[in-house]
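To start, the structure under review is shown below, and the notes come after it.
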Amino acid sequence: MPHYDTILIGAGMSGLAAGIRLAQFDQRVVVLERHYLWGGLNSFYKRGGRRFDVGLHALTNYASKGERGLPLTRMLRQLRIRHEELRLGEQRFSEIAFPDLRLRFSNEFELFESEVRRAFPGQMDGFARLVRDVREAEAFTPDDTNLGARAVLAAYFDEPLLIEALMLPMCYYGSARRDDIDWYQFIILFRSFFFEGFSRPEGGIQPLLELLRKRYVDLGGELRMRCGVEAILHANGKLTGVRLDDGTELTADRVLSSAGYVETMRLAGLEDTVQDAERGQLSFTEAIFVMDTEPAAHGHEAAVTFFNDAPDFRYRVPDGLIDTRSGVICSPNNYAASEPLPEGILRYTNLARFDAWDALEGADYERAKHKQVEAALAVATRYGMDPRPHEVFRDSFTPITVRRFTGHDQGAVYGSPVKRLDGATCIDGLHLMGTDQGMLGVIGAVLSGISMANRHALVPR
Amino acid sequence: MTREEIILAIKDIISTIAPDEDLAGLTEDKRLRDQIELDSMDFLDIVMELRKRYGVQVPEEEYGELASLTSCANYLLPKMADKELRVGV
């Protein structure tokens, strides 16, 4: 059996990006993926003759070609990918919607600023201070990773609705924390939404994944699909390798794992060291509708709509199967593209409770899926279009689906509430990357793979 | 390699890492990061490319020696005097 410089667990965005970095500098590297498709949380599947994206609502962190110092530009440079290869189409606009409030934003920050001014004229001093502080903060090296955004925002605004309106999209696109988001994560997301903006790679997530996969393989990286890791092997506190599901053992100098912190500790036989507070809980359902019409033809022009059907926003595991009060509606049609999509697509996302779905079996599970989609639409259609009169196909997924395809406990999309920014574990040579290292979104996941590969596998010791 | 060739080698590495930057007007004794967009990740890539192309090791505590083209040449000359220039790889 060959010895690897580095073994990467998971062929998601972080694993593929780390693989590119290491293969680029001639490391002997393998990416191990239990599933038969790559992409992890940002993947795709085929059903009814169509290809659907799983994770990608919007690619945050938009940067135009050559725009300096931005996360997207740094990612492209580190992976030696040209901006044109991503084929990004910018959003029309997106919006934050409450019963008596609508704040639109686009890739031009001025729109968001003018919308906040229109709705909250008395809050503009605080808003200007917030924007300045978010711009200048050293978000990637926070002093306090526990600090919550809700408490910080209270020092900028005395209008609770504005605080709720800012929390809504930030939580939905990246918080693993109940009713809050880490302040440094808020800063990173705020920039990625409002300073940088949303775009969509033409063709969705699959061409982007193919770009990464092909680049990795062309550089000599090894990618093994349907190849799960059963155990991470270590001796005297030092990593030695992994054992695969089929019993084969591979040795390596180091392992970077995107399996999640708790899941990685379990693979290492160390789950007893995990605290309950480190277990991720928040998961989602999503209903996907294919329509014989474009959403914009019916006045639904937003790329992404974050809605909350109450003055206060709750971001927590619901008591029942899903929480219909808040959610996200997105449409890949509402981005610039060289040619329009052949069909209209709308996706509806809601917070969901893993164990409630897990208790259902067979026909009960299918019935519940159908019923919950109808319940979700009853509220979501107050903020976006009703797809049902134009429906040609529908599909939906639940926290159970997320767990099955990503291997994340509880289908926890944003992983553990406790992030490990240095990627460290208690085993020498075993490091984290991806969601539980603390970088969010597609671009964040790619940068996580890059920075963890640089830090733990490339920088000479 | 001569000093001039080492500077060519560094410029060629930078053009691989940062293809959008214009390197024609670089001043040799000014800091590189004051003239073009290079962050710490990019300096790591310069180090990795030096290792890959020329087998030269630059320890992390000596990255500062790569600040300008002049300091690169001074620092690398003893390490690269016996190497052949490889550009466009």
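The values are calculated or read from the model by the stated rules, or taken from the named source; none is laboratory data. Model, not experiment: these values are computed from the prediction. Here the Cβ is made from the backbone with ideal geometry for all residues, glycine too, and neighbour counts use every protein chain on show.
Scan the range A:420-437 residue by residue and report those that are within 19 Å of A:Tyr173 (Cβ to Cβ) and not β-branched (Val, Ile, Thr). Listed by number, the residues that qualify are A:Leu421, A:Gly434, A:Asp436, A:Gln437. Within the range A:265-301, the set of residues being in contact with an Asp or Glu (Cβ under 8 Å, 6 or more places away or on another chain) and either buried (at least 16 other Cβ atoms within 10 Å of the Cβ) or of a type in the set (Val, Ile, Thr) (or both) comprises A:Met265, A:Leu267, A:Arg279, A:Gly280, A:Ala287, A:Ile288, A:Phe289, A:Val290, A:Met291, A:Pro295. Restricting to the range B:42-87, give me the number of residues that are surrounded by fewer than 17 Cβ atoms within 10 Å (Cβ to Cβ) and part of a helix (DSSP H, G or I). Residues in the range B:42-87 being surrounded by fewer than 17 Cβ atoms within 10 Å (Cβ to Cβ) and part of a helix (DSSP H, G or I): 14 in total. Among the residues of the range A:271-289, is any of a type in the set (Asp, Glu) and over 30 Å from A:Asp436 (Cβ atoms)? Checking the range A:271-289: not a single residue is of a type in the set (Asp, Glu) and over 30 Å from A:Asp436 (Cβ atoms). Residues in the range A:395-434 that are aliphatic (A, V, I, L, M), within 30 Å of A:Asp144 (Cα to Cα), touching a residue at least 40 places away in the same chain (Cβ under 8 Å) and touching a strand residue (DSSP E or B) at 6+ places or on another chain (Cβ under 7 Å): A:Ala412, A:Val413, A:Ile427, A:Leu430, A:Leu432, A:Met433. Among the residues of the range A:405-424, is any within 18 Å of the chain's Cα centre (by Cα), among the β-branched types (Val, Ile, Thr), within 28 Å of A:Met225 (Cβ to Cβ) and not in a strand (DSSP E or B)? Yes, some residue in the range A:405-424 is within 18 Å of the chain's Cα centre (by Cα), among the β-branched types (Val, Ile, Thr), within 28 Å of A:Met225 (Cβ to Cβ) and not in a strand (DSSP E or B). The criterion of at least 1 residues that are aromatic (Phe, Trp, Tyr) is met by the following helices (runs of 4 or more DSSP H) wholly inside the range A:115-203: A:124-136, A:160-172, A:183-190. Considering the range A:11-64, the residues that are surrounded by fewer than 17 Cβ atoms within 10 Å (Cβ to Cβ), out of contact with any Lys or Arg (no Cβ under 8 Å at 6 or more places or on another chain) and farther than 18 Å from A:Leu447 by Cα include one that is nearest to the other protein chains (Cβ to nearest Cβ), namely A:Arg51. Looking across A:Arg316, A:Arg347, A:Arg279, A:Arg353, one residue alone is of a type in the set (Lys, Arg), touching a strand residue (DSSP E or B) at 6+ places or on another chain (Cβ under 6 Å) and within 20 Å of A:Tyr172 (Cα to Cα). It is A:Arg347.
Restricting the first member to the range A:115-133 and to residues that are surrounded by 13 or more Cβ atoms within 10 Å (Cβ to Cβ), and the second to residues that are among the hydroxyl-bearing types (Ser, Thr, Tyr), the beta-carbon pairs closer than 7 Å and six or more apart or on different chains are A:Gly126/A:Tyr156; A:Arg129/A:Tyr156; A:Leu130/A:Tyr156.
Considering A:Thr285, A:Thr293, the condition of being within 29 Å of A:Trp38 (Cα to Cα) and either among the polar types (S, T, N, Q) or in a helix (DSSP H, G or I) (or both) is satisfied by A:Thr285 alone.
When the range A:303-320 is examined, which residues are found to be of a type in the set (A, V, I, L, M) and surrounded by 24 or more Cβ atoms within 10 Å (Cβ to Cβ)? Residues satisfying the conditions are A:Ala303, A:Val304.
In the range A:75-102, the residues that are without any contact (Cβ under 8 Å) to a residue 24 or more places away in the chain and away from every other protein chain (no Cβ under 14 Å) never reach a residue that is in a helix (DSSP H, G or I) and buried (at least 22 other Cβ atoms within 10 Å of the Cβ) with C-beta atoms less than 6 angstrom apart, at least six apart or across chains. Taking B:Gly25 as the residue in question, decide whether it is out of contact with any Asp or Glu (no Cβ under 6 Å at 6 or more places or on another chain) and either away from every other protein chain (no Cβ under 14 Å) or free of Cβ contacts under 8 Å to residues at least 12 places away in the same chain (or both). So B:Gly25 passes the test.
Close Cβ contacts (under 6 Å, 6 or more residues apart or on different chains) running from residues in the range A:35-46 that are under 11 Å from A:Glu210 (Cα atoms) to residues that are of a type in the set (Lys, Arg) and assigned to a loop (DSSP other than H, G, I, E, B) are absent. Just so you know, in the range B:28-41 the residues that are within 12 Å of chain A (Cβ to nearest Cβ) and not in a helix (DSSP H, G or I) include one that is surrounded by the fewest Cβ atoms within 10 Å (Cβ to Cβ), and it is B:Asp39.
Which is closer than 27 Å to A:Ser338 by Cα, in contact with a helix residue (DSSP H, G or I) (Cβ under 9 Å, 6 or more places away or on another chain) and at pLDDT 95 or above, of A:Arg92, A:Arg21, A:Arg51, A:Arg74?
Exactly one of A:Arg92, A:Arg21, A:Arg51, A:Arg74 is closer than 27 Å to A:Ser338 by Cα, in contact with a helix residue (DSSP H, G or I) (Cβ under 9 Å, 6 or more places away or on another chain) and at pLDDT 95 or above, namely A:Arg92.
State yes or no: is A:Leu72 out of contact with any Cys (no Cβ under 7 Å at 6 or more places or on another chain), buried (at least 22 other Cβ atoms within 10 Å of the Cβ), closer than 30 Å to A:Asp436 by Cα and within 14 Å of another protein chain (Cβ to nearest Cβ)? Against the criterion (out of contact with any Cys (no Cβ under 7 Å at 6 or more places or on another chain), buried (at least 22 other Cβ atoms within 10 Å of the Cβ), closer than 30 Å to A:Asp436 by Cα and within 14 Å of another protein chain (Cβ to nearest Cβ)), A:Leu72 qualifies.
Does the range A:11-53 hold any residues that are among the charged types (D, E, K, R) and on the phi < 0 side of the Ramachandran plot, and which are they? Once the filter is applied, which keeps residues that are among the charged types (D, E, K, R) and on the phi < 0 side of the Ramachandran plot, the range A:11-53 yields A:Arg21, A:Arg28, A:Glu33, A:Arg34, A:Lys46, A:Arg47, A:Arg50, A:Arg51, A:Asp53.
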